[in-house]
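Everything below concerns the one structure shown next.
Bear in mind that the values in this text are calculations on the coordinates, not laboratory data. The structure presented is a predicted model; accordingly, all values stated were derived computationally and were not measured. Every residue, glycine as well, gets a Cβ built from its backbone with ideal geometry; the counts of neighbours run over all protein chains shown.
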Amino acid sequence: MTRIAVGKIVNVHGIKGVMKFQPALISVQNLSRLNPLSDKENKKHFEMTFVGKKGAFWLVSAKGITDRTTAERFKGMELFADREKLPQTAEGEFYCCDLMNLEVLVDGKTFGHVVNVPNYGAGVILEIKTNNGKIIDLPFSKTVFPKVDIENHQIELVLPDEMKGVV
């Protein structure tokens, strides 16, 4: 069974065990139907409930976590859900894990591979390790990456003008 990262506990909020959750999901409605969520090793399981919002973060509670001290133990933990519980993606939509390790092509030639797919709040970034070992970060947009071929494990890159000759 494939598991997908759905967010990260980044801090606690208050004294009753509520946690700040940085979601990798678009909709809060998805959270409850994904339960139980688990840690990376699939050893700890959590029944998460949406409590509210604080800026870009969701406030969530987990069954059995009722105080700040307990909640603080989970700071920094990435949470995962079974892929089968997630909605199907529409045409042109992808889960970040689908983009990992894609071969990056420029003008039909291998340029490198996707090594990370972070989102720091302003949008999804693709970190690419180029053939010469450099790591470059590019925004995941239709302009920069006009074609994504999950089936053939490839993504087409149109290098921005300012990067031509640099990488």
Checklist entry - How do the peptides 110-119, 155-164 rank, highest first, by the average count of neighbouring beta carbon atoms within 10 Å per residue? => result 110-119, 155-164
Item to check | Label corresponding to volume of the Cα convex hull per residue in Å³ when calculated from the structure given, among [x] 135; [y] 249; [z] 116 | outcome: [x]
Checklist outcome for this item: Percent of all alpha-carbon pairs of the range 3-85 at distances over 14 Å, whole number, is 57
Next on the checklist: Just to confirm my numbers, what's the Cα centroid distance between the range 36-75 and the range 120-152 in Å?
Outcome noted: 30
Checklist entry - By how many nm would the segment from VAL158 to ASP67 grow when fully extended, if each residue of separation counts as 0.36 nm and the alpha-carbon distance is taken off? => result 27.8 nm
Item to check | Magnitude of the charge dipole, the chain, Cβ model with Lys/Arg +1 and Asp/Glu -1, debye to 20 | outcome: 920
Checklist entry - In the structure displayed, which of LYS8/LYS142; LYS109/LYS134; LYS8/LYS44 lie more than 22 Å apart, Cα to Cα? => result LYS8/LYS142
Next on the checklist: Using helices alone, I'd like the mean residue ellipticity at 222 nm for the chain: each DSSP H run of four-plus residues gives -39500 (n - 2.57), total over residue count, nearest 500.
Outcome noted: -1500 deg cm²/dmol
Next on the checklist: So for the range 21-70, averaging the separation of alpha carbon pairs under 8 Å that are six or more residues apart and normalising by length, what relative contact order in percent results?
Outcome noted: 31
Checklist entry - Which whole-number percentage describes the relative contact order of the chain, with Cα contacts under 8 Å and a sequence gap of 6 or more? => result 18
